[in-house]
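The values are calculated or read from the model by the stated rules, or taken from the named source; none is laboratory data. From a predicted model like this one, the values you see are computed outputs, not experimental measurements. Glycine gets a Cβ as well: all are built from the backbone with ideal geometry, and neighbour counts include every protein chain shown. Just so you know, the surface numbers come from the protein's heavy atoms only, side chains and all, with ligands and any DNA or RNA stripped out. Shrake-Rupley method; radii C 1.70, N 1.55, O 1.52, S 1.80 Å.
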Amino acid sequence: VADKIGVLRSLIQKADTIIVGGRMAFTFLAALGTEIGKTQIEEKWLEAAREMVHTATARGVRFYLPSDILVSESLDGPVGMRVVNLSKKCCTADKPCVPAGCYGVDIGPRSCEEIAVELARCNTLFWNGPMGKYEVPEFGEGTTAVARAFAASPGSTIIGGGDSVAAINQVGAG
């Protein structure tokens, strides 16, 4: 998260839409009050994350965070794996979306669909980083879905980061 904060701050001043996934999304979700279980976040960036969402909203930038996620009781593989919806009704300390003892490991199928729709509208796309714990195959579908959406987009694409490039190559669009 720390190495991408400066890039995001700059993009908020220039972009129409910003889509945040992967581990960074959980820092933003936590900053907005979502209970995120055992998922690792960057505690020292919570206030900066809140400020960026506020700035994006004030500028009219669509700041997309996942609407559903894949959770697992283990980061090493699918243990108790399931999709959970993120909503204001469930994302409280009393009713957490990410159950205690679970990790957020990928974006969910609804998020994949929403992101694909958003990417299809864009003229220029910039992608850096996977949507989940991509190195575990069962946690890589979100990244693969975003790679497919990038490949199908009519816009100009810029892709950085080894996992993002690997995902593009995996779907045959590299």
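Here Rg/Rh (Cα atoms, Kirkwood Rh) was calculated from the structure, and among [x] 0.98; [y] 0.94; [z] 1.03 it sits at label [y]. Under a Gaussian network description of the chain, with springs only between Cα atoms under 10 Å, the residue in 152, 116, 58 that fluctuates furthest is 58.
The HN-Hα couplings worked out from phi for the range 154-161 by the Karplus form 6.51 cos²θ - 1.76 cosθ + 1.60 (θ = phi - 60°) are x, x, 6, 10, 10, 10, x, x Hz, whole numbers, x standing for Gly and Pro.
Between residue 81 and 73, the built amide H atoms are under 5 Å apart, and every one of these is 5 or more places off in sequence or on another chain.
Taking the Cα centre of the chain as the origin, how large is its charge dipole in debye, to the nearest 20, when only Lys and Arg (+1) and Asp and Glu (-1) carry charge on their Cβ atoms?
500 debye
Just the protein heavy atoms count here, and of the accessible area of the range 88-168 at 1.4 Å, carbon and sulfur take up 55 percent. Cα convex hull, the range 1-101: 100 Å³ per residue, rounded to a whole number. List the longest stretch of the chain that has no exposed loop site; here a site is one of the trypsin sites (Lys or Arg not before Pro) assigned by DSSP to anything other than H, G, I, E or B, with at most 16 other Cβ within 10 Å. Value returned for the longest uninterrupted segment is 122-174.
Here residue 5 sits with roughly 0 square angstrom of accessible surface, probe radius 1.4 Å. Here the convex hull built on the C-alpha positions of the range 122-174 has a volume of 63 cubic angstrom per residue. If you count Lys pairs in the chain whose Cα atoms are under 17 Å apart, skipping same-chain pairs closer than 8 places in sequence, the total is 4. Surface analysis of the chain yields an accessible area of 50 Å² per residue, using protein heavy atoms and a 1.4 Å probe.
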